[in-house]
């Protein structure tokens, strides 16, 4: 029995349950349907592979290079989302939202990595002031 919306005699005020959700823009397969599953999701696997490599480097005490790889993986995800019409499961929301999220997180991780102490590779006075103010 389906719940009806709106007030009235014998009708429930509950919202109607969602029957189907729209796929994200670009959420189709990145390779033909007859390709094996990993080949259909190569954009997501590429981003996850680089991120995993970066986390592995962080675990082996190569902090700066590892976190730089994680940030570059996020920026690469934003670039893939922008350039490719179908990116498989890398598409989560609309193209704009995905690019903004991946790009913003990637840029933040890269900037924080370049400013990490000791011996920062980049010094940005405004960001240093914000960091010292918050800590």
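Values computed for the structure shown
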item: Shape category assigned to segment 32-135 from the gyration tensor of Cα positions, a/c cut at 1.5; result: oblate
item: Sites residue 116 and residue 93, calculated FRET efficiency, Cβ-Cβ separation with R0 35 Å, nearest 0.05; result: 0.70
item: Two-site FRET efficiency, residue 48 against residue 100, from Cβ-Cβ distance with R₀ of 25 Å, rounded to 0.05; result: 0.80
item: Fully extended contour minus Cα-Cα distance, from residue 108 to residue 65, at 0.36 nm per residue; result: 14.0 nm
item: Residues 61, 98, 129 arranged by fewest to most Cβ contacts within 10 Å; result: 61, 129, 98
item: Cβ-Cβ FRET estimate between residue 79 and residue 132, R0 fixed at 25 Å, reported to 0.05; result: 0.15
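Values in this text are rule-based calculations from the coordinates and carry no lab data. Remember, predicted model here, so these are calculated numbers, not experimental data. Counting neighbours? That spans all protein chains shown, and the Cβs are built from the backbone with ideal geometry, glycine included.
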